[in-house]
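Written out below as structure tokens is the structure these notes cover.
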Amino acid sequence: MTICAEVRAPQLVYPEHSHDFHELVIITKGAGQHILNDVPTNLTQNYICYISPRDRHLYEQVDHLYLTNILYKKNILSYSPLLKHVLPKDGNDQAGWYICSETMKRVSILLSEIEQESQQPSVDSRIMTEALFQQLVVAISRGRLTAKSNDLVDNAILKIIDWIQTNYVENICMNDISDRFQISSRTLSRKIKQMTNLSFNNYVHRVRINHAINLLKYSDASITDIAFEVGYQDSNYFSTKFKRFTNKTPSEFR
């Protein structure tokens with residue numbers, strides 16, 4: 001098959017691997033950690049990740065993580081030359097991004113249609129699958145969201161998640177975040193819980209702990225230094241939170 005869809009509901013912990021096809025990973029629910037070429041990313045709803053045949057990646061720390069993998073063989077894919085402007089490119093520094101909520105509604109429909117069509121062996125189903133794939137690629141390109149976007153309140157939660165993942169070292173207070181993004185604390189708390197299955201504070205801890213995991217694995221920094229580097233002022237408090245999320249102390253994990 002040129003294109004196929006693999007639904008993971010849920011996605012389990014999966015060891016590091018690579019493959020000879022290109023892949024778009026669309027997160028539809030839950031949370032987890034994705035490590036792409038040794039770089040960790042916190043996965044949440046509405047996140048898109050691009051993986052090329054040159055990449056290696058794994059999943060860990062998953063929490064009710066649901067996703068759909070769109071696998072495609074770029075070298076035999078039939079598509080308009082114009083599509084190269086929106087297809088993810090190898091070597092791009094930003095291999096992942098969020099899409100807005102309205103786009104996700106359209107993407108969810110396309111994913112379902114691609115899954116159905118790609119399972120049929122007929123020529124017309126293959127043509128339809130490729131046509132749907134082109135629509136998908138254009139949709140996730142148009143709906144790309146960053147913390148600098150000027151979207152309305154419905155997408156504020158995505159901007160906040162994006163901001164936390166970049167600024168997790170800062171002293172993060174829900175009231176300050178509510179003021180910054182002009183969203184009520186109550187709405188922020190409810191939507192964070194809805195998208196990540198974690199409270200606001202626990203989501204911040206999770207982002208920090210996931211980055212700490214990477215440092216414990218791939219650096220020689222002391223546990224105290226790692227605690228400060230991911231936003232904790234007290235290494236004992238860091239160790240307590242680390243054990244809560246991993247069931248191991250930082251020393252045991254290392």
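Data table
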{"item": "Matching residues, segment 64-84, being surrounded by 21 or more Cβ atoms within 10 Å (Cβ to Cβ) and without any contact (Cβ under 8 Å) to a residue 12 or more places away in the chain", "result": "none"}
{"item": "Tally, over segment 12-35, of residues that are closer than 20 Å to residue 196 by Cα and assigned to a loop (DSSP other than H, G, I, E, B)", "result": "2"}
{"item": "Residues that are crowded, with 17+ Cβ neighbours inside 10 Å, of a type in the set (Asp, Glu) and more than 25 Å from the chain's Cα centre (by Cα), drawn from segment 99-136", "result": "117"}
{"item": "Residue in segment 167-185 that is surrounded by 14 or more Cβ atoms within 10 Å (Cβ to Cβ) and among the charged types (D, E, K, R) present", "result": "no"}
{"item": "Subset of segment 55-98 that is hydrophobic (A, V, I, L, M, F, W, C) and part of a strand (DSSP E or B) - its residue that is farthest from the chain's Cα centre (by Cα)", "result": "71"}
{"item": "Residue among 206, 180 that is more than 19 Å from residue 233 (Cβ to Cβ) and charged (D, E, K, R)", "result": "180"}
{"item": "The listed residue being farther than 25 Å from residue 252 by Cα and of a type in the set (Lys, Arg), out of 217, 191", "result": "191"}
{"item": "Index of the failed condition, residue 102 passing every other in (1) outside any loop (DSSP other than H, G, I, E, B); (2) out of contact with any Asp or Glu (no Cβ under 8 Å at 6 or more places or on another chain); (3) acidic (Asp, Glu); (4) at pLDDT below 90", "result": "(2)"}
{"item": "Every pair of residues 6+ apart whose Cβ atoms lie under 7 Å, when the first sits in segment 207-232 and is in the same structural domain as residue 172 (by TED's automatic domain parsing) and surrounded by 14 or more Cβ atoms within 10 Å (Cβ to Cβ) while the second is among the polar types (S, T, N, Q) and not in a helix (DSSP H, G or I)", "result": "207/42; 210/33; 210/42; 210/61"}
{"item": "Counted residues, segment 36-54 - those being modelled with pLDDT of 85 or more and either of a type in the set (Asp, Glu) or part of a strand (DSSP E or B) (or both)", "result": "8"}
{"item": "Flag for residue 35 being buried (at least 18 other Cβ atoms within 10 Å of the Cβ), of a type in the set (A, V, I, L, M) and within 20 Å of residue 87 (Cβ to Cβ)", "result": "no"}
{"item": "Filter result (closer than 19 Å to residue 43 by Cβ and assigned to a loop (DSSP other than H, G, I, E, B)) within segment 210-254", "result": "230"}
{"item": "Flag for residue 79 being modelled with pLDDT under 95 and within 30 Å of residue 244 (Cβ to Cβ)", "result": "no"}
{"item": "All positions within segment 133-158 that are modelled with pLDDT under 85 and assigned to a helix (DSSP H, G or I)", "result": "153, 154, 155, 156, 157, 158"}
{"item": "Residue in segment 196-209 that is in a helix (DSSP H, G or I), at pLDDT 90 or above and over 29 Å from residue 46 (Cα atoms) present", "result": "no"}
{"item": "Cβ pairs under 7 Å, 6+ apart, first in segment 34-63 and without any contact (Cβ under 8 Å) to a residue 24 or more places away in the chain and more than 15 Å from residue 89 (Cβ to Cβ), second surrounded by fewer than 23 Cβ atoms within 10 Å (Cβ to Cβ) and of a type in the set (Asp, Glu)", "result": "37/55"}
{"item": "Meets criteria (at pLDDT below 95 and surrounded by 16 or more Cβ atoms within 10 Å (Cβ to Cβ)) for residue 26", "result": "no"}
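The values are calculated or read from the model by the stated rules, or taken from the named source; none is laboratory data. Everything numeric here is computed off the predicted structure, so don't read it as measured data. Because the Cβ atoms are built from the backbone with ideal geometry, glycine has one as well, and the counts that use them run over all protein chains shown.
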